[in-house]
Amino acid sequence: MVYAFLLMMNEPIASDPARRTGDRGGVIAVTTDSDCLFCKIVAGDVPSEKVRDSERTYTFRDINPQAPTHVLVIPKDHHPDVGSLAASDPGLLGEVVRECAAVAADEKLDAGHRVVFNTGAGAGQTVFHVHAHVLGGRPMTWPPG
């Protein structure tokens, strides 16, 4: 319910990272933000419908799906947007994109799928922890939005 409320309010989540230890996929150092909803999901403090879980990424179903398949892929490390992730850890960005492809395969999105990174409030980003939307199961029109 907290997640739905934050998204409905369209309030940005603060992004002041601090170091701590993650507790999914073994003990690893993860950069987190104590006010970030997705960091709380990674820590297990907020429930989610898990789809996949790797050492450095976590994948779960969107609570407000915009397609029959709507899955979010996030790095466990906190990065506010895709540009900052690409600049600081391009290898992790590659892992996020590979997880998107794995989700599409697992969900049998053979007819096609869309991967979306919203960057900034003006583009519809409401949680400021980089995340990829994997959408499929229906025709995707252009332009989106």
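Bear in mind that the values in this text are calculations on the coordinates, not laboratory data. Not measured: the values here are computed from a predicted model. Neighbour counts are summed over all protein chains in view; Cβ atoms, including those assigned to glycine, are modelled from backbone coordinates with ideal geometry.
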- Pair list, Cβ < 8 Å and 6+ apart or interchain, from region 63-79 residues that are touching a residue at least 12 places away in the same chain (Cβ under 8 Å) and closer than 14 Å to Lys108 by Cα to residues that are acidic (Asp, Glu) and part of a loop (DSSP other than H, G, I, E, B): Thr69/Glu107; His70/Asp62; Val71/Asp62; Val71/Glu107
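Quick one: which of Leu109, Leu92, Leu85 is in contact with a strand residue (DSSP E or B) (Cβ under 6 Å, 6 or more places away or on another chain), closer than 20 Å to Leu37 by Cβ and of a type outside the set (Gly, Ala, Ser)? Break it down into steps so the answer makes sense when it comes.
Values: Leu109 fails: closer than 20 Å to Leu37 by Cβ; Leu85 fails: in contact with a strand residue (DSSP E or B) (Cβ under 6 Å, 6 or more places away or on another chain).
Of the residues listed, the single one that is in contact with a strand residue (DSSP E or B) (Cβ under 6 Å, 6 or more places away or on another chain), closer than 20 Å to Leu37 by Cβ and of a type outside the set (Gly, Ala, Ser) is Leu92.
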- Message: Restricting to region 125-145, and then to whatever is aliphatic (A, V, I, L, M) and in a loop (DSSP other than H, G, I, E, B), can you tell me which residue is nearest to His113 (Cα to Cα)?
- Response: Met140
- Message: Can you tell me which condition Val96 does not meet? The list is (1) in contact with a Leu (Cβ under 9 Å, 6 or more places away or on another chain); (2) in a strand (DSSP E or B); (3) hydrophobic (A, V, I, L, M, F, W, C), and all the others hold.
- Response: (2)
- Considering each of Leu109, Leu135 in turn, give the residue that is in contact with a Lys or Arg (Cβ under 6 Å, 6 or more places away or on another chain) and either touching a residue at least 12 places away in the same chain (Cβ under 8 Å) or surrounded by 15 or more Cβ atoms within 10 Å (Cβ to Cβ) (or both). Leu135
